[in-house]
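Single-structure report; data block below.
The values are calculated or read from the model by the stated rules, or taken from the named source; none is laboratory data. In this text, all values refer to a predicted model and were calculated from it rather than measured experimentally. Positions of Cβ are backbone-derived with ideal geometry, glycine not excepted, and every protein chain shown enters the neighbour counts.
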Amino acid sequence: MKISFPYMGTSPLVVSYLFENLGHEVVCPPVPTEKTLSLGVQYAPEFACIPFKIVLGTYLEVLEMGAEVLITSGGCGPCRAGFYGELHRRILRDLGYPVEMIIMEPPLREPLDFLRKVYRLLKPAKLSNLYHVFRVAVEKMLSLDEIESTMHKLRPLAYNKKLITKAYSEGLEMIRQADSVKEVKEAKQATLEALWRVPANHEYEPLRVGLIGEIYVVLEPAANHDIERILGDMGVYVHRSIFLSEWVRYNVLGSGEKHIRASAIPYLNQMIGGHGQNSVGEVVRYAEKGFDGVIQLAPFTCIPEIVAKSILPAISRDKDIPVLTLFLDEQTGQAGIETRLEAFVDLIKQKRRKREAS
């Protein structure tokens with residue numbers, strides 16, 4: 001069967017490798033574009049969030065490319081994302097695509113259902129090959145996160161930002177081609193060395209900004225107008241609150257976020273779905289680490305992030321850390337994003353100067 005899946009950040013490099021080596025024919029989703037979003041907007045409910053619309057547009061593109069089965073993640077709690085797989089399936093069916101949708105719910109929620117779906121996906125694979133495939137996939141995921149994190153650190157320091165982008169893009173291709181743990185580690189090391197070789201001012205101390213919010217708009221540049229690159233080009237170091245490997249660890253093992261939620265408890269002491277409580281806790285943690293500011297990325301109409309936003313002014317006041325919220329939808333323009341980021345960077349730059357002068 002020809003299978004495909006949503007596009008989010010660097011995940012297609014890992015997911016494509018995994019399914020191809022499990023014996024499936026993979027239709028790799030293309031990088032989301034304006035066309036992708038337009039397709040999603042055309043057929044999605046008006047008040048659906050931008051991740052819903054981009055993913056729907058992606059599904060329509062891969063179905064035209066021959067995909068027969070779509071694999072996506074589910075969810076639980078108040079966030080509507082847990083219903084998106086089923087809603088996507090119904091919309092596609094009404095459009096004349098009787099596609100099969102395999103929705104992978106968190107394994108600790110419905111273990112038997114999860115194992116049944118995993119067994120089906122593993123069925124074409126050779127048992128002797130499973131350990132190798134999963135080891136390589138995990139190594140790719142961890143390596144991609146490390147490379148991306150290093151790129152964010154070095155971009156604001158580099159004299160020529162384009163060289164950072166070039167080294168990063170070449171590194172992604174090397175990771176994609178790697179077919180063993182050894183090859184993945186070698187590709188990662190080569191990419192990190194290439195990034196560090198880019199001429200840079202290592203004496204420069206950039207402004208430090210934490211990036212929080214709903215996972216899709218945080219991880220996917222097509223949804224956030226490539227905000228990490230924009231800020232890096234402005235000379236700002238961006239620390240993302242979540243990476244792909246952390247998200248997988250939390251959803252598969254149900255661990256890894258307790259310390260973040262503990263930080264949120266004085267302001268928000270209950271789970272509100274999505275990454276809402278995490279957004280609150282992350283602002284507290286960034287303030288404690290001495291960051292200059294925090295930017296919250298939120299899909300328009302995202303209830304968990306709207307709740308978090310209503311609490312963030314109190315944290316900003318108590319912890320003395322500026323917070324900017326950017327709501328994103330199909331109407332959000334690149335110029336508007338850049339203008340607001342420039343104003344925010346000027347604000348935190350002046351704040352740092354005042355602090356240093358006192």
(request) Under 7 Å between Cβ atoms, at least 6 apart or on separate chains: pull out the pairs that start in the range 252-277 with a residue that is assigned by TED's automatic domain parsing to the domain that holds residue 315 and on the phi < 0 side of the Ramachandran plot and end on any residue that is modelled with pLDDT of 80 or more and exposed (fewer than 14 other Cβ atoms within 10 Å of the Cβ). (result) 267/314
(request) For the range 28-40, indicate whether the set of residues that are in a loop (DSSP other than H, G, I, E, B), at pLDDT below 95 and either closer than 21 Å to residue 100 by Cα or over 19 Å from the mean Cα position of the chain (by Cα) (or both) is non-empty. (result) no
(request) All but one of (1) aromatic (Phe, Trp, Tyr); (2) assigned by TED's automatic domain parsing to the domain that holds residue 322; (3) farther than 17 Å from residue 294 by Cα; (4) touching a residue at least 12 places away in the same chain (Cβ under 8 Å) hold for residue 243, so report the exception by its number. (result) (3)
(message) Can you pull out every residue in the range 65-107 that is touching a Pro at 6+ places or on another chain (Cβ under 9 Å), closer than 12 Å to residue 6 by Cβ and outside any helix (DSSP H, G or I)?
(response) 67, 70, 71, 72, 73
(message) Taking the condition of being crowded, with 18+ Cβ neighbours inside 10 Å and either at pLDDT 95 or above or within 23 Å of residue 289 (Cβ to Cβ) (or both), how many residues in the range 177-216 meet it?
(response) 20
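Results for (1) modelled with pLDDT of 95 or more; (2) surrounded by fewer than 16 Cβ atoms within 10 Å (Cβ to Cβ), shown as yes or no for each residue.
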| position | (1), (2) |
| --- | --- |
| 253 | no, yes |
| 260 | no, no |
| 273 | no, no |
| 278 | no, no |
| 283 | yes, no |
| 287 | yes, no |
| 302 | no, no |
(request) Could you tell me which residue of the range 90-129 is surrounded by the most Cβ atoms within 10 Å (Cβ to Cβ), considering only residues that are within 30 Å of residue 186 (Cβ to Cβ) and touching a residue at least 24 places away in the same chain (Cβ under 8 Å)? (result) 121
(message) What are the pairs with Cβ atoms under 9 angstrom where one residue, in the range 136-158, is over 17 Å from residue 8 (Cα atoms) and free of Cβ contacts under 8 Å to residues at least 12 places away in the same chain and the other, located anywhere, is surrounded by fewer than 23 Cβ atoms within 10 Å (Cβ to Cβ) and among the charged types (D, E, K, R)? Sequence gap at least six, or different chains.
(response) none
(request) Go through (1) in a helix (DSSP H, G or I); (2) β-branched (Val, Ile, Thr); (3) surrounded by fewer than 22 Cβ atoms within 10 Å (Cβ to Cβ) and name the single condition residue 58 misses. (result) (3)
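To keep it simple, each residue is scored yes or no on (1) assigned by TED's automatic domain parsing to the domain that holds residue 283; (2) touching a residue at least 40 places away in the same chain (Cβ under 8 Å); (3) under 23 Å from residue 273 (Cβ atoms); (4) not polar (S, T, N, Q).
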{"position": "308", "(1), (2), (3), (4)": "yes, yes, yes, yes"}
{"position": "318", "(1), (2), (3), (4)": "yes, no, no, yes"}
{"position": "321", "(1), (2), (3), (4)": "yes, no, no, yes"}
{"position": "324", "(1), (2), (3), (4)": "yes, no, yes, yes"}
{"position": "339", "(1), (2), (3), (4)": "yes, no, no, no"}
{"position": "344", "(1), (2), (3), (4)": "yes, yes, no, yes"}
{"position": "356", "(1), (2), (3), (4)": "yes, no, no, yes"}
(message) Quick check on my filter: what residues within the range 214-242 are in contact with a helix residue (DSSP H, G or I) (Cβ under 6 Å, 6 or more places away or on another chain) and on the phi > 0 side of the Ramachandran plot?
(response) 225, 235
(message) For the range 14-32, give me the residue count where each residue is of a type in the set (A, V, I, L, M, F, W, C), surrounded by 20 or more Cβ atoms within 10 Å (Cβ to Cβ) and more than 19 Å from residue 118 (Cβ to Cβ).
(response) 1
(message) As an exercise: evaluate residue 325 against (1) surrounded by 18 or more Cβ atoms within 10 Å (Cβ to Cβ); (2) within 16 Å of the chain's Cα centre (by Cα) and give the number of the one condition it does not meet.
(response) (2)
(request) Please work out if residue 297 is touching a residue at least 24 places away in the same chain (Cβ under 8 Å), of a type outside the set (Lys, Arg), more than 24 Å from residue 10 (Cβ to Cβ) and surrounded by 17 or more Cβ atoms within 10 Å (Cβ to Cβ). (result) no
